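Notes follow the structure.
The values are calculated or read from the model by the stated rules, or taken from the named source; none is laboratory data. Here the structure is a predicted model, which means the values were calculated and not measured. Using ideal geometry, Cβ is built from the backbone for each residue, glycine included, and neighbour counts are taken over all protein chains shown.
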Amino acid sequence: MATMKRSQMARYDKVFFLMSSTITRDEDGNQIPSYSEKKVFGRELNVSDSAFYNAAAAGLRPEKQLETYSVHYLGQQKLKYEGIVYSIIRTRNNGDKVILVCERVSGSG
């Protein structure tokens, strides 16, 4: 029986919600955004110092990195994790997985 490396045995024990938005109009024609949430399992990764400083140079503040299976991610721009809404500011494909680099949405949580 083959042994697995510890890195291959990543547990997807964190729950977060990928948020898809749709725009509707009210009776006055104003655009009203609404969100639907898709529950997915993944794991939290550390934001490296170099990733943090490179993003800061571009005016971004990455606070979380979450990994899940690529099949779940369909280009959503926001997610909710531990009751806080984050913007997805960068994605990285990693085989059949995707890493979502996230920045906290102002006023969330």
Could you list, in sequence order, the residues of the stretch 50-60 that are outside any loop (DSSP other than H, G, I, E, B) and either in contact (Cβ under 8 Å) with a residue 12 or more places away in the chain or of a type in the set (S, T, N, Q) (or both)?
Ser50, Ala51, Asn54, Ala55
Selection over the stretch 31-83 where residues are under 16 Å from Arg104 (Cα atoms), touching a Lys or Arg at 6+ places or on another chain (Cβ under 6 Å) and modelled with pLDDT of 95 or more yields a count of 1
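Residues checked against (1) of a type in the set (Asp, Glu); (2) farther than 16 Å from Tyr12 by Cβ; (3) free of Cβ contacts under 8 Å to residues at least 12 places away in the same chain:
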residue	(1), (2), (3)
Glu27	yes, yes, yes
Gln31	no, yes, yes
Glu44	yes, no, no
Ser48	no, yes, yes
Pro62	no, yes, no
Thr68	no, no, no
His72	no, no, no
Ile84	no, yes, no
Val105	no, yes, no
So is Glu67 acidic (Asp, Glu), surrounded by 11 or more Cβ atoms within 10 Å (Cβ to Cβ) and touching a Gly at 6+ places or on another chain (Cβ under 6 Å) or not?
yes
Scan the stretch 69-83 and tell me whether some residue there is over 20 Å from Pro33 (Cβ atoms), assigned to a strand (DSSP E or B) and touching a strand residue (DSSP E or B) at 6+ places or on another chain (Cβ under 7 Å).
yes
Odd one out for Met9, checked against (1) in contact with a Gly (Cβ under 9 Å, 6 or more places away or on another chain); (2) at pLDDT below 95
(1)
